[in-house]
1. Considering region 154-169 alone, what residues qualify as being hydrophobic (A, V, I, L, M, F, W, C) and either more than 30 Å from Pro131 (Cα to Cα) or part of a loop (DSSP other than H, G, I, E, B) (or both)?
2. Could you list, in sequence order, all residues of region 170-213 that are in contact with a strand residue (DSSP E or B) (Cβ under 6 Å, 6 or more places away or on another chain) and outside any strand (DSSP E or B)?
3. Answer yes or no as to whether Leu147 is closer than 22 Å to Ile58 by Cα, part of a helix (DSSP H, G or I) and of a type outside the set (Val, Ile, Thr).
4. Every residue in region 64-116 that is basic (Lys, Arg) and within 20 Å of Ile200 (Cα to Cα), please.
5. Write out, first by first residue and then by second, each pair whose Cβ atoms fall under 8 Å of each other, whose residues are 6+ apart or on separate chains, and whose first residue, in region 34-54, is of a type in the set (S, T, N, Q) while the second is open to solvent by 40 Å² or more (accessible area, probe 1.4 Å).
6. Those residues that are open to solvent by 40 Å² or more (accessible area, probe 1.4 Å) and either at positive phi or without any contact (Cβ under 8 Å) to a residue 60 or more places away in the chain (or both), I need them from region 152-168; list them, please.
7. Of the residues Tyr32, Tyr20, Tyr25, which is of a type in the set (Ser, Thr, Tyr) and either at pLDDT below 95 or surrounded by fewer than 18 Cβ atoms within 10 Å (Cβ to Cβ) (or both)?
8. When you look at Val94, is it in contact with a helix residue (DSSP H, G or I) (Cβ under 7 Å, 6 or more places away or on another chain), closer than 27 Å to Arg212 by Cβ and among the β-branched types (Val, Ile, Thr), yes or no?
Amino acid sequence: MRKLMITPWFGPAPPWMNKYWDLAYSLSAHGYVWLLETNIEQFKQRVWKTLGIPDAPIVFGQAKVHDYRPVFGALYEEEIKDYDFWGFTDFDCVYGRVERWDTDEFLSDLDVHSDHDSYLCGPWSLLRSTPEVANLFREDPYWKDNLKNPVVTGWGEQSFSRILEQSGLRYKYTAWHGNDRVCPPEQVRMDGRSLLAGGIEIPMYHFRRTKRWPS
C-alpha cells in the first residue's frame, strides 16, 4: 500500500532535519512518501479555495497548522488520489521499522489507524483515501470555527476523534510509539533500521518535550 504523509511546515528548519529526512527516505521502500508544504501563502490559498476560509490564521513558526490535519484529505484531494492512505506526522520524530507494525495486512481492515491509545495521534496517523474519510471533519458543527480560531484548539485530537469513533468507520488506536515523557533520548538508539527505546523495539519515537535528537 502507498501512503502520503502530508507535512506542512512554516518555520525555521530544526537542526536535526538532515537526519530526519534520511529516516523518512528509508521508509520510501515501504510505500511512504512525504509531501512537504513550505509556502504559507500557497497553503492559505488552498484553504480559501477548498474550504472557503479567507486568511487562515497560520503564522510562521507557530503550530496552528496542526489544527488543519483533519482537513488534509480535502485540502490535498488531488495529491492523495493515487495513494491508499494519507497521513500526518511531526518533524520531532525518529522512525524505525514502521512497516513491521503498520503492515498492509493490518491496514487492509482499517479506515483509520492512530498510534495512540485514545485519540487521533498528531505524530503518527494514517487515514484511508476515500471521500468518506476525507470529509469526516464536516460532521463537526464547529470545524470551521476551530480552523478560524487563531489559537491552537487541538480539536483534531479531541472532538474530531470522538466523531471518528461514532462514524461507523473502521478505526484502531494503538500505543506502539515511544516518547520523551517516559523514555529520555539517551535511552533511545538505532540498531541498523531498528529503533530501540530502553532495549525494546518501537516503530517511532517522539521527542516533543526535550527537542533532542536521540544519540
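The values are calculated or read from the model by the stated rules, or taken from the named source; none is laboratory data. From a predicted model like this one, the values you see are computed outputs, not experimental measurements. Virtual Cβ from ideal backbone geometry, glycine too; neighbours counted across all protein chains shown. These area figures cover heavy atoms from the full protein model, side chains too; ligands, DNA and RNA do not enter into them. Shrake-Rupley method; radii C 1.70, N 1.55, O 1.52, S 1.80 Å.
1. Matches in region 154-169: Trp155, Leu169.
2. Residues satisfying the conditions are His177, Cys183.
3. On the way: closer than 22 Å to Ile58 by Cα: yes; part of a helix (DSSP H, G or I): yes; of a type outside the set (Val, Ile, Thr): yes.
So Leu147 passes the test.
4. Answer for region 64-116, where residues must be basic (Lys, Arg) and within 20 Å of Ile200 (Cα to Cα): Arg97, Arg100.
5. If the second residue must be open to solvent by 40 Å² or more (accessible area, probe 1.4 Å), the pairs left are Thr38/Trp9; Thr50/Glu77.
6. Hits for region 152-168 are Glu157, Gln158, Ser159, Arg162, Glu165, Gln166, Ser167, Gly168.
7. One residue alone meets the criteria, Tyr25.
8. yes
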